[in-house]
Amino acid sequence: MTLAPGSPAVRALFPVTEQYAYLNHAAVAPLNRRTADAMRRWVADWEAHGTRAYPPAETVQAYRQRAAALFNAQPDEIAFTRNTTEGLLLVARGLDWRPGDNIVTVETEFTANVYPWKNVEAEGVTIRRVPSRRGRIVVEDVVAAMDHRTRVLAVSFVEFYTGYRNDLVRLGAACRQRGVCFCVDAIQGAGVLPIDVEAMHIDFLATGGPKWLLGPMGAGLFYCRRDNLNALDPRLYGWLSTADPDDYFDYEQPLSPTASRFEWGTLSWPSLVGLMESIALLLEVGVERIADYVLDLTGELMAALQAKGYELITPAGRREERSGIVTFRPSSASPEEVASRLEAAGVVVSPRGKGIRVAPHFYNTWEDIDRLLEALP
Ligand SMILES: Cc1ncc(COP(=O)(O)O)c(C=O)c1O
């Protein structure tokens, strides 16, 4: 049986639907039954059998395959991390910067994609922030900010506040043409919109589990294009980065020839097991199908909000510029007041800046959106 977005079978996997219109996936997703069960099983196994619960190498390889399938990557290009920041720091701290280099980014980034780059300012590297135009990031503006000293373009797939979806295909092509590393913070898109690291010419991609990937806290993914493995500094490595971590007595081992070299030390297995179960669910439903469904929901929501007289912060553009995020300005009270009033009515959203950010996933329905519209002042 295929799981259709918005179907009763899908909703039954999300206990949160029993009480709430949960529209907050750009903040943190609720756990679904399959993920929670997988984590419970793993913990029970661990409790009963200790180290025997440790996943065998084949399971770990299957996990890498599953994660790679999300991005059209190869399994050996995937490293398991704790969060998005860890992946971004691997790039920011790992590249061999020279004074006078610059990083191009955009002005509407979440702080997680700001501070890792500020780390390298002390090495004489400057950060160029391209302004948006009414929330839109214009590819030509980004390209105009690059020069022969640009080493990295660092952008989010989807901007956390406006919900604007960057044109990764065109940005990636511009980077490729100029020899600039293309580094994407994918957390606001991964799991809800398709990502293809090949078509998008992405060099490095970092994401965390607990938003649109529907995973628990503590597990994230880092993609490193195979050709770039050696571009990141090998000083940032640990015992699990070696070619054979099970050889405890050889201190002179080479690094792992794959992205597992970025895993350093013991991972948070309960979190990883949960994230992998969530990714299996997303792949079963199909990310293309999820995107189609969610873009319909957010498109209708934008039209309904405008009809009610609300001003949108999300640019009401072409479908390819949209995402799972819609942010609008509440008219009669502060975003915080409106968000708590909505929460009292069982509608979960986030106040962000001057707006209310609404972020439905594939198990939400038009009834959830209606509940939001009815509860709005
Ligand atoms: C664009 C973006 N990147 C990263 C994060 C989170 O970073 P991390 O996974 O390192 O906690 C968020 C939200 O919390 C975000 O909106």
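The values are calculated or read from the model by the stated rules, or taken from the named source; none is laboratory data. No experiment lies behind these values; they were computed from the predicted model shown. All Cβ positions, glycine included, derive from the backbone under ideal geometry; neighbour counts span all protein chains shown. Protein only, heavy atoms only, side chains kept; ligands, DNA and RNA dropped before computing areas. Shrake-Rupley method; radii C 1.70, N 1.55, O 1.52, S 1.80 Å.
Tabulated data
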| item | result |
| --- | --- |
| Nearest-20 debye value, region 281-342 charge dipole, Cβ charges on Lys, Arg, Asp, Glu | 200 debye |
| Rounded accessible area of Ser331 (nearest 10 Å², 1.4 Å probe) | 100 Å² |
| Calculated P(r) tail over 26 Å for region 40-284, as whole % of Cα pairs | 38 percent |
| Dipole magnitude (debye, nearest 20) for the chain, charges at Cβ of Lys, Arg, Asp, Glu | 880 debye |
| Amide proton proximity set for Thr242, modelled H, under 5 Å, gap of 5+ | Ser256 |
| Sorted peptide list for 102-112, 164-174, criterion being average Cβ within 10 angstrom, highest first | 164-174, 102-112 |
| Nearby lysines by direct alpha-carbon distance to Lys308 (threshold 24 angstrom, same-chain neighbours under 8 apart not counted) | Lys354 |
| Among Ser332, Ser340, Ser132: highest mean-square fluctuation, GNM of the chain, C-alpha pairs under 10 Å | Ser332 |
| Distance between region 175-197 and region 76-140 - C-alpha centres, whole angstrom | 12 Å |
| Backbone N within region 176-192 under 14 Å of label point (7 Å from Asp96 Cα along the Cβ vector) | none |
| Nitroxide proxy distance, nm - points 7 Å out along Cα→Cβ at Leu240 and Ala12 | 3.6 nm |
| Length-normalised contact order for the chain - Cα pairs under 8 Å, 6+ apart - percent | 23 percent |
| Length added when fully stretched, Thr2-Glu107, from 0.36 nm per residue minus Cα-Cα | 33.7 nm |
| Stretchable slack from Ala122 to Gln19, in nm (0.36 nm times residue separation minus alpha-carbon distance) | 32.1 nm |
| Residue-normalised accessible area of region 40-284, given per residue in Å² at a 1.4 Å probe | 44 Å² |
| Rg to Rh, two decimals, where region 114-239 supplies the alpha carbon set and Rh follows Kirkwood | 0.95 |
| Theoretical gain in end-to-end length, Ala345 to His49 [0.36 nm per residue, Cα-Cα removed] | 102.1 nm |
| Whole-angstrom gap from region 145-173 to region 14-64, using each part's C-alpha centre | 32 Å |
